[in-house]
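Heads up, the thing below is written out as C-alpha coordinates.
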Amino acid sequence: MPRYALRRLNGSRVYACRVCKTHLGFSEDCISRGFRGSKGPAFLFSDVVNVTPGKVQREETFTTGRHVVVDVFCARCNMLLGWRYVKCYEVSQRYKVNKTILDRVSLTRVGDWRLAGGGDDDDDDEDDDV
(Lines give C-alpha, C1' and ligand atoms only; values in the text may rest on other atoms or scores of the structure.)
Protein backbone atom coordinates (compact mmCIF):
# COMPACT_ATOMS: atom_id res chain seq x y z
CA MET A 1 0.00 0.00 0.00
CA PRO A 2 1.47 3.37 -0.97
CA ARG A 3 2.18 5.96 1.69
CA TYR A 4 0.37 9.27 1.48
CA ALA A 5 1.38 12.58 3.00
CA LEU A 6 -1.24 13.15 5.67
CA ARG A 7 -2.98 16.49 5.82
CA ARG A 8 -3.66 18.23 9.14
CA LEU A 9 -6.80 20.37 9.12
CA ASN A 10 -6.64 23.73 10.86
CA GLY A 11 -9.95 24.48 12.47
CA SER A 12 -11.88 24.10 15.68
CA ARG A 13 -14.39 21.45 14.52
CA VAL A 14 -12.62 18.51 12.89
CA TYR A 15 -13.67 14.89 12.62
CA ALA A 16 -10.86 12.35 12.89
CA CYS A 17 -10.27 8.60 12.76
CA ARG A 18 -11.27 7.10 16.11
CA VAL A 19 -8.25 4.75 16.12
CA CYS A 20 -5.31 6.97 15.14
CA LYS A 21 -6.81 10.51 15.32
CA THR A 22 -5.88 11.32 11.71
CA HIS A 23 -7.92 14.30 10.53
CA LEU A 24 -10.67 13.40 8.04
CA GLY A 25 -12.97 16.38 7.56
CA PHE A 26 -14.39 19.64 8.82
CA SER A 27 -17.77 19.79 10.50
CA GLU A 28 -18.82 22.32 7.85
CA ASP A 29 -18.29 19.67 5.17
CA CYS A 30 -20.77 17.31 6.83
CA ILE A 31 -23.85 17.57 4.60
CA SER A 32 -26.06 15.25 6.65
CA ARG A 33 -25.91 13.30 9.88
CA GLY A 34 -28.99 11.23 9.01
CA PHE A 35 -27.42 8.43 6.95
CA ARG A 36 -26.92 4.73 7.70
CA GLY A 37 -23.57 3.13 7.05
CA SER A 38 -22.44 -0.46 7.29
CA LYS A 39 -21.85 -0.02 11.06
CA GLY A 40 -24.96 2.01 11.92
CA PRO A 41 -25.47 5.79 11.96
CA ALA A 42 -23.27 7.64 9.47
CA PHE A 43 -22.49 11.13 8.19
CA LEU A 44 -22.42 12.27 4.55
CA PHE A 45 -19.43 14.52 3.74
CA SER A 46 -18.89 16.70 0.70
CA ASP A 47 -15.12 16.64 1.20
CA VAL A 48 -12.75 14.43 3.19
CA VAL A 49 -8.98 14.08 3.41
CA ASN A 50 -6.58 11.33 4.47
CA VAL A 51 -8.68 8.48 3.10
CA THR A 52 -7.69 5.88 0.55
CA PRO A 53 -10.19 4.10 -1.68
CA GLY A 54 -10.47 0.33 -1.82
CA LYS A 55 -9.52 -1.54 -4.96
CA VAL A 56 -13.00 -2.82 -5.84
CA GLN A 57 -16.14 -0.89 -6.69
CA ARG A 58 -19.40 -2.66 -5.94
CA GLU A 59 -23.06 -2.14 -6.69
CA GLU A 60 -25.35 -1.82 -3.68
CA THR A 61 -29.10 -1.48 -3.39
CA PHE A 62 -30.10 0.87 -0.59
CA THR A 63 -33.53 2.18 0.34
CA THR A 64 -32.82 5.12 -1.98
CA GLY A 65 -32.00 2.93 -4.99
CA ARG A 66 -29.01 1.34 -6.70
CA HIS A 67 -25.58 2.87 -6.22
CA VAL A 68 -21.99 2.03 -7.11
CA VAL A 69 -19.71 2.59 -4.11
CA VAL A 70 -16.09 2.02 -3.11
CA ASP A 71 -14.95 1.52 0.48
CA VAL A 72 -12.70 4.18 2.00
CA PHE A 73 -10.00 3.53 4.58
CA CYS A 74 -7.97 5.69 6.93
CA ALA A 75 -4.71 6.57 5.15
CA ARG A 76 -2.73 6.10 8.38
CA CYS A 77 -4.13 3.00 10.14
CA ASN A 78 -6.15 1.46 7.27
CA MET A 79 -9.36 1.22 9.31
CA LEU A 80 -12.53 0.88 7.23
CA LEU A 81 -14.32 4.23 7.63
CA GLY A 82 -17.20 4.01 5.18
CA TRP A 83 -17.63 4.40 1.42
CA ARG A 84 -17.63 6.91 -1.42
CA TYR A 85 -20.48 7.08 -3.92
CA VAL A 86 -19.18 6.51 -7.46
CA LYS A 87 -22.49 6.31 -9.35
CA CYS A 88 -26.16 6.72 -8.50
CA TYR A 89 -28.78 5.35 -10.88
CA GLU A 90 -31.70 7.35 -9.48
CA VAL A 91 -31.67 10.92 -10.77
CA SER A 92 -32.79 12.27 -7.39
CA GLN A 93 -29.78 10.64 -5.70
CA ARG A 94 -27.04 11.88 -8.04
CA TYR A 95 -26.07 14.65 -5.60
CA LYS A 96 -24.28 11.87 -3.66
CA VAL A 97 -21.75 11.13 -6.44
CA ASN A 98 -18.19 11.78 -5.18
CA LYS A 99 -19.51 12.33 -1.64
CA THR A 100 -18.36 10.14 1.25
CA ILE A 101 -20.22 8.28 3.98
CA LEU A 102 -18.23 7.95 7.23
CA ASP A 103 -19.58 5.62 9.91
CA ARG A 104 -20.18 7.44 13.19
CA VAL A 105 -18.45 4.70 15.23
CA SER A 106 -15.29 5.24 13.17
CA LEU A 107 -15.06 8.93 14.06
CA THR A 108 -13.98 11.10 16.94
CA ARG A 109 -13.95 14.88 17.28
CA VAL A 110 -10.77 16.92 17.67
CA GLY A 111 -10.41 20.61 18.35
CA ASP A 112 -12.41 22.76 20.70
CA TRP A 113 -15.99 22.27 19.56
CA ARG A 114 -17.40 24.40 22.41
CA LEU A 115 -15.64 27.53 21.14
CA ALA A 116 -16.75 27.01 17.56
CA GLY A 117 -20.15 28.64 17.74
CA GLY A 118 -22.46 25.88 18.95
CA GLY A 119 -25.35 24.18 17.27
CA ASP A 120 -24.12 20.60 17.31
CA ASP A 121 -26.38 18.16 19.14
CA ASP A 122 -23.43 16.12 20.43
CA ASP A 123 -21.79 19.09 22.18
CA ASP A 124 -22.94 17.99 25.62
CA ASP A 125 -20.67 14.93 25.59
CA GLU A 126 -17.68 15.24 27.89
CA ASP A 127 -15.41 13.15 25.65
CA ASP A 128 -14.58 13.78 22.01
CA ASP A 129 -16.30 10.66 20.67
CA VAL A 130 -18.99 11.42 18.15
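Per-structure values
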quantity	calculated
Single residue of region 1-37 satisfying the filter (among the hydroxyl-bearing types (Ser, Thr, Tyr) and closer than 18 Å to Thr108 by Cβ) that is most open to solvent (accessible area, probe 1.4 Å)	Ser12
Counted residues, region 66-99 - those being surrounded by fewer than 14 Cβ atoms within 10 Å (Cβ to Cβ) and either in contact with a strand residue (DSSP E or B) (Cβ under 6 Å, 6 or more places away or on another chain) or not aliphatic (A, V, I, L, M) (or both)	10
Candidate set: region 40-76, residues that are at pLDDT 95 or above and of a type in the set (Asp, Glu); chosen: the one nearest to Gly11 (Cα to Cα)	Asp47
Test: Gly37 is modelled with pLDDT under 95 and within 14 Å of the chain's Cα centre (by Cα)	yes
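The values are calculated or read from the model by the stated rules, or taken from the named source; none is laboratory data. Because the structure is a prediction, the values reported are computed rather than measured. Positions of Cβ are generated from backbone atoms using ideal geometry, with glycine treated the same way; all protein chains shown enter the neighbour counts. Protein only, heavy atoms only, side chains kept; ligands, DNA and RNA dropped before computing areas. Shrake-Rupley method; radii C 1.70, N 1.55, O 1.52, S 1.80 Å.
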